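To start, the structure itself, in structure tokens.
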Amino acid sequence: MTPMSALQKTDPEIAKLITLEEKRQREVLEMIPSENYASQAVRSALGTVLNNKYSEGYPKKRYYQGNAVIDSVESLAQERAKKLFGVPHANVQALSGSAGNLAVYVALLEPLKDKIMGLSLAFGGHLTHGQPQSATGQFYKSTLYELGRDCLLDFDAIEKQAVREKPKIIVCGYTAYPRIIDFKRFSQIADKVGAYLLADISHIAGLIVTDQHPDPAPYAHILMTTTHKTLRGPRGAIIMATAKGLKKDPDLGKKIDSAIIPGIQGGPHDDQTASIAVMLKEDSTPAFKTYAKQIVKNAKALATYLSDFDFDLVSGGTDNHLILIDLRNKNVNGKVAAIALEVANIVVNANGVPFDTQPPLYPSGIRLGPPAITTRGMKEPQMKKVAQWINRVIEEVKKEKLPAEKDARNEFMKDFKSRVYKNKNLLAIAKEVKLFTSKFPVP
Ligand code: DSN
């Protein structure tokens, strides 16, 4: 019996929902830049008998018997990660990026005393970079930096802030920054104030290991990456100590491992570890390098076509896999745009833009990128079509004015949602997109 037919027999409700999600992923233009289509090989390692095992500890130092095979799986994942990223220590057990970042803080910081310095979420940082809403900003002190008026990293301001605030960890690496990150400049600042430099490369790791983005390993002390974005793996994370990190703190690797277990996690998800190992093997191939190159080519082409339609791209364009559009010149709210695009089978996310004046649930922009559609084989000529469709959708909802006042806004959204799913022009685009995507197979 195949896994799907077993599921169908036991739980047809869930089997049906999975089939529906499969269909959705096949039919849409999946353009959330942090999502991707993992290969069948990567997904095949998930949900195997490895799911049945407890393996608290690390290879050859487990708290449970019966781990000979799991030890080999985890050692293989560690070795492949070390080789791919060029680092001497890798921990492959963090269950997600949030857990990965928290483990780094648990490893190195004293609660309520030591300080994290990360980019504010409103400027493209992440909750776990010391935001006050997150445990990382509550258990530890934090100071958040912002981008300059040009929407780029302002290193002089960052340096001044670091000197003033004396953080113990500086975090670089972002969720909505379309430009190259100057890791060398960050390392000069971290070294000047004696801080650890943590590069959260979750978004751009796939570009880094294929030389499409400068490598942080020579400059940062710690690298943390999720595995399901441009790396195209299962959900999960890898925390790495670099050679520079071990030079600063010879116990860094041990501290990271202890922060994962017993610090913040118990047993690892061994099927996830196996899947990460498969991903790392795929990511070492020439085919993956070609893929990553194409992501950047596609993102640049899409940015150019969108600019031709007078879309206001934050920072003026992109160097990586993502594009952030400020929709204020189009008089369309980001949430309104994201919903309308989804009706047209184009999936992006509403996103704040630097210096946004709108609340996080109704931000002024949208964030999109081509990692997933590049996996399906789309190239520059297809980006022109994508830009045309996005433009048609935004033109269609230009008259939808989101009120500023909360109650009026809620009323408006109710009314908008009751109309937008029946909008004939959007549904016509949805049909075109569906026909188009049917020509590009998902893995
Ligand atoms: N949720 C991720 C993203 O979409 O960028 C960051 O954690």
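Going through Glu22, Glu27, Glu74 one at a time, which residue ends up being out of contact with any Ser or Thr (no Cβ under 7 Å at 6 or more places or on another chain), charged (D, E, K, R) and more than 16 Å from the ligand (Cβ to nearest atom)?
Details: Glu27 fails: out of contact with any Ser or Thr (no Cβ under 7 Å at 6 or more places or on another chain); Glu74 fails: out of contact with any Ser or Thr (no Cβ under 7 Å at 6 or more places or on another chain).
When all the criteria are applied, what remains is Glu22.
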Exercise. Go through Gln93, Gln65, Gln25, Gln78 for me and flag whichever is of a type outside the set (D, E, K, R), modelled with pLDDT of 95 or more and under 30 Å from Glu432 (Cα atoms).
Key: Gln25
Quiz item: Taking segment 87-98 as the search range and keeping residues that are surrounded by fewer than 21 Cβ atoms within 10 Å (Cβ to Cβ), in contact (Cβ under 8 Å) with a residue 60 or more places away in the chain and under 21 Å from the mean Cα position of the chain (by Cα), which one is farthest from Pro262 (Cα to Cα)?
Solution: Ser96
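The rows are residues; the columns are (1) within 16 Å of the ligand (Cβ to nearest atom); (2) farther than 12 Å from Pro88 by Cα.
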site	(1), (2)
Ala205	yes, yes
Thr210	no, yes
Thr225	yes, yes
Arg235	yes, yes
Ala241	no, no
Asp249	no, yes
Leu252	no, no
Ser258	no, yes
Ile264	no, yes
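Give segment 325-363 a look and list any residue that's of a type outside the set (A, V, I, L, M, F, W, C), in contact with a strand residue (DSSP E or B) (Cβ under 6 Å, 6 or more places away or on another chain), assigned to a helix (DSSP H, G or I) and over 14 Å from Glu395 (Cβ atoms), or say none.
Filtering segment 325-363 down to residues of a type outside the set (A, V, I, L, M, F, W, C) leaves 326, 328-331, 333-335, 342, 345, 349, 351-352, 354, 356-360, 362-363.
The next check asks that each one be in contact with a strand residue (DSSP E or B) (Cβ under 6 Å, 6 or more places away or on another chain); those that pass are 326, 329, 334-335, 349, 351, 363.
The next check asks that each one be assigned to a helix (DSSP H, G or I); those that pass are 329, 334-335.
Matches in segment 325-363: Gly334, Lys335.
Check Ile429, Ile390 and return the single one that is over 24 Å from Ala176 (Cβ atoms), β-branched (Val, Ile, Thr) and in contact with a helix residue (DSSP H, G or I) (Cβ under 8 Å, 6 or more places away or on another chain).
Working: Ile390 fails: over 24 Å from Ala176 (Cβ atoms).
It is Ile429.
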Self-check item: Filter result for the condition that a residue is within 16 Å of the ligand (Cβ to nearest atom), under 24 Å from Gln40 (Cα atoms) and not acidic (Asp, Glu), over Thr273, Thr230, Thr290, Thr285
Solution: Thr230
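Do any helices (runs of 4 or more DSSP H) entirely within segment 1-72 hold 1 or more residues that are out of contact with any Asp or Glu (no Cβ under 9 Å at 6 or more places or on another chain) and among the aliphatic types (A, V, I, L, M), and if so, which?
Working: elements: 3-10, 12-27, 40-45.
The helices (runs of 4 or more DSSP H) meeting that bar are 3-10, 12-27.
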Quiz item: How many of the residues in segment 118-150 are among the charged types (D, E, K, R) and within 12 Å of the ligand (Cβ to nearest atom)?
Solution: 0
Exercise. Check off (1) under 24 Å from Ile325 (Cα atoms); (2) assigned to a helix (DSSP H, G or I); (3) basic (Lys, Arg) for Lys414 and give me the number that stays unchecked.
Key: (1)
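If you go through segment 299-314 one residue at a time, do you hit one that is part of a loop (DSSP other than H, G, I, E, B), touching a Cys at 6+ places or on another chain (Cβ under 7 Å) and over 30 Å from Ala90 (Cα atoms)? Quick ask: steps written out before the conclusion?
Initially, segment 299-314 is screened for residues part of a loop (DSSP other than H, G, I, E, B), giving 309-311.
From the residues that got through so far, the ones that are touching a Cys at 6+ places or on another chain (Cβ under 7 Å) too are none.
Checked segment 299-314: no residue is part of a loop (DSSP other than H, G, I, E, B), touching a Cys at 6+ places or on another chain (Cβ under 7 Å) and over 30 Å from Ala90 (Cα atoms).
Can you confirm whether segment 238-252 contains a residue that is over 26 Å from Phe183 (Cβ atoms), assigned to a helix (DSSP H, G or I) and either aliphatic (A, V, I, L, M) or modelled with pLDDT of 95 or more (or both)?
no
Residues are listed down the side, and each one gets a yes or a no for (1) among the small types (Gly, Ala, Ser); (2) over 30 Å from Arg149 (Cβ atoms):
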{"residue": "Lys60", "(1), (2)": "no, yes"}
{"residue": "Ile70", "(1), (2)": "no, yes"}
{"residue": "Gly97", "(1), (2)": "yes, no"}
{"residue": "Leu102", "(1), (2)": "no, yes"}
{"residue": "Leu108", "(1), (2)": "no, yes"}
{"residue": "Met117", "(1), (2)": "no, no"}
{"residue": "Gly124", "(1), (2)": "yes, no"}
Exercise. Among the numbered conditions (1) of a type in the set (A, V, I, L, M, F, W, C); (2) in a loop (DSSP other than H, G, I, E, B); (3) touching a residue at least 12 places away in the same chain (Cβ under 8 Å), tell me where Ala430 comes up short.
Key: (2)
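Which residues, counting only those in segment 364-375, are assigned to a loop (DSSP other than H, G, I, E, B) and either surrounded by fewer than 24 Cβ atoms within 10 Å (Cβ to Cβ) or more than 16 Å from the ligand (Cβ to nearest atom) (or both)? Don't jump to the end; show me each part of the working.
As a first pass, look at segment 364-375 and keep what is assigned to a loop (DSSP other than H, G, I, E, B): 364, 369-370.
Passing the criteria: only Ser364.
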Quiz item: Within segment 213-245, restricting attention to residues that are surrounded by fewer than 24 Cβ atoms within 10 Å (Cβ to Cβ) and of a type in the set (Gly, Ala, Ser), which residue is nearest to Pro370 (Cα to Cα)?
Solution: Ala217
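The values are calculated or read from the model by the stated rules, or taken from the named source; none is laboratory data. Values in this document were obtained by computation on a predicted structure and should not be read as measured data. Heads up, the Cβs are rebuilt from the backbone with ideal geometry, glycines too, and the neighbour counts pull from every protein chain shown.
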